[in-house]
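The values are calculated or read from the model by the stated rules, or taken from the named source; none is laboratory data. In this text, all values refer to a predicted model and were calculated from it rather than measured experimentally. Here the Cβ positions follow ideal geometry from the backbone for every residue, glycine too, while neighbour counts run over all protein chains shown.
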Amino acid sequence: MNNRLIFDGPVILGAGLAGLTAALSSVKGAARKALVLSPTPLATGCSSAWAQGGMAAALSADDTPALHAADTDAAGAGLCDPEAVELLTREGPDAVRALAALGAPFDRKDGDFTLSLEAAHSRARVARVGGDGAGAAIMAAVIAAVRATPAIEIREGARARRLLQDATGRVIGVLAQIDGQLVEILSPAVILATGGVGGLYAVTTTPAEVRGEGLGLAALAGAVIADPEFVQFHPTAIDIGRDPAPLATEALRGEGAILRNSDARAFMADYHPARELAPRDVVARAIHAEREAGRGAFLDATVVVGGHFPKEFPAVFEACMSGGVDPRRAMIPVVPAVHYHMGGVATDLDGQTSLPGLYAAGECAATGVHGANRLASNSLLEAAVFGARAGRAAAGEQHAPSQPVSLAPTPDLPADVLQILRKAMSRDAGVIRSAEGLTRLMGVIEALEAAHGQGPILAAARLITTAALARHESRGGHSRADFPATDPVGIRTFVTLDGREPGLRYAAE
């Protein structure tokens, strides 16, 4: 028999920026508590702490939220939700200032934020920390604030195994595995802040623990999932055979680093007039094409950064040196890697999903703010803005006077089987897709489900694959070799795991 805990406040699954922001927001001015469940120690196992770029917001005199919104819409390739984008960009500057007030040590000059230019931004608007250390520094400040808040309880080594629902489908808690023991936690609301899907792929820049489990748990509970086919591949993961792959931040290209092939030829002009500062999906496909053609791909920052690497980009420098590459003198070998998931559990602007009692925020949620392709450095901003909104909304929920209908943990996937899935996902649902490859991948997923049951990891993989097969066009992060054109009208995907939900809706709806 499982242990049972009745908790009077939101239970938050995940301890990245979205989860911890939700926790702080949910207890602010309220008499209730918040419980954060993290499968790993705080500051580990979450993509937020690994983010190198920073937070994009209209913080300078020559910038406005409207300009930021226009750039976000353009990157989203016709699928952004205008209301979500307007909210993100309007609330963005205050979100950055709030994190600075918590102690996040953003780079400054004469009291103003030092802002960097990144690809597809029309203004320099990315607030950074130490060149490439924004995520870790922001998380350190937020973790300190959480630990100093008595109303927030943290359980590390805790992994969700099922969302608990009553007979009406309302989410009334979570079945968690804590230090090897199953615990039923009944609560007024659950907030999913479990991150993306990078760990479903063989080449990713995200922590291995981030493998779509929150998305899968929500889907298994019947939640509507939005746009799961849109996976962003960061063009410049450092190709030194490491899992996960270290990241060569986009800021290097913002500083003027050049992509070259093994002949030292700069090749981006062949693919886009913006060259190195083209949208991420364009750069990823260009690098993929050069590598597929046997020409290789390298990032040359020897001139624009050179000897300043240790000070200006310490994380990149350390990663390169550990792999035997000195970026001060040699080009950095790069490969596209899964970096961000634009899709996720469909939510409104307060993080409410289609299931009563269930909220989602951060990368596992789909507010519609990213559309088909995330604008660089909008991810930490989204986590902060929408994490706070989800926390406030969830704090207003009351306990449902009911009992869970099922207490069985969802099936798990053995580590060796997960590696089979990761290789198949990278091969067939990667930078370039086709009906042939996606159909082959679906066969792999079905065989694994037959052998191991339909757990959250396989559910997430199935959703990505099904939606990618159904989208007969190339748009943003989704590129089909057999459907290279982009349809005139952008239509979003909304689907449930069993296909009950109408499959497509216009982005403007």
Could you grab me the full set of residues in region 375-386 that are within 20 Å of Val338 (Cβ to Cβ) and part of a helix (DSSP H, G or I)?
Ser379, Leu380, Glu382, Ala383
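Conditions (1) under 29 Å from Val183 (Cβ atoms); (2) free of Cβ contacts under 8 Å to residues at least 24 places away in the same chain; (3) in contact with a helix residue (DSSP H, G or I) (Cβ under 8 Å, 6 or more places away or on another chain), marked per residue:
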{"residue": "Ile432", "(1), (2), (3)": "no, no, yes"}
{"residue": "Ala467", "(1), (2), (3)": "no, no, no"}
{"residue": "His472", "(1), (2), (3)": "no, yes, no"}
{"residue": "Arg475", "(1), (2), (3)": "no, no, no"}
Six or more apart or on different chains, Cβ under 7 Å: which pairs go from a residue in region 170-183 that's of a type in the set (Lys, Arg) to one that's modelled with pLDDT under 95? Could you list them?
Arg170/Ala400
Condition check for Leu215: touching a Leu at 6+ places or on another chain (Cβ under 8 Å), closer than 19 Å to His370 by Cα and not assigned by TED's automatic domain parsing to the domain that holds Val334:
yes
For Ala372, all conditions in the list (1) outside any loop (DSSP other than H, G, I, E, B); (2) within 15 Å of Asp81 (Cβ to Cβ); (3) touching a strand residue (DSSP E or B) at 6+ places or on another chain (Cβ under 6 Å) hold save one; what is the number of the exception?
(1)
Which of the residues that make up region 287-338 are over 17 Å from Ala264 (Cα atoms) and among the acidic types (Asp, Glu)?
Glu312, Glu318
Among all residue pairs at least 6 apart or on different chains, which show Cβ distances below 7 Å where the first residue, located in region 61-77, is polar (S, T, N, Q) and the second is at pLDDT below 95?
Thr72/Leu375
Do we have any residue at all in region 46-59 that's free of Cβ contacts under 8 Å to residues at least 40 places away in the same chain, outside any loop (DSSP other than H, G, I, E, B) and surrounded by fewer than 24 Cβ atoms within 10 Å (Cβ to Cβ)?
no
Take Ala70 and tell me if it is closer than 17 Å to Gly387 by Cα and not in a loop (DSSP other than H, G, I, E, B).
no
Starting from residues that are polar (S, T, N, Q) and in a loop (DSSP other than H, G, I, E, B), keep the ones in region 325-362 and report whichever is surrounded by the fewest Cβ atoms within 10 Å (Cβ to Cβ).
Ser354
Could you tell me which residue of region 270-302 is surrounded by the fewest Cβ atoms within 10 Å (Cβ to Cβ), considering only residues that are more than 24 Å from Arg433 (Cα to Cα) and free of Cβ contacts under 8 Å to residues at least 40 places away in the same chain?
Pro273
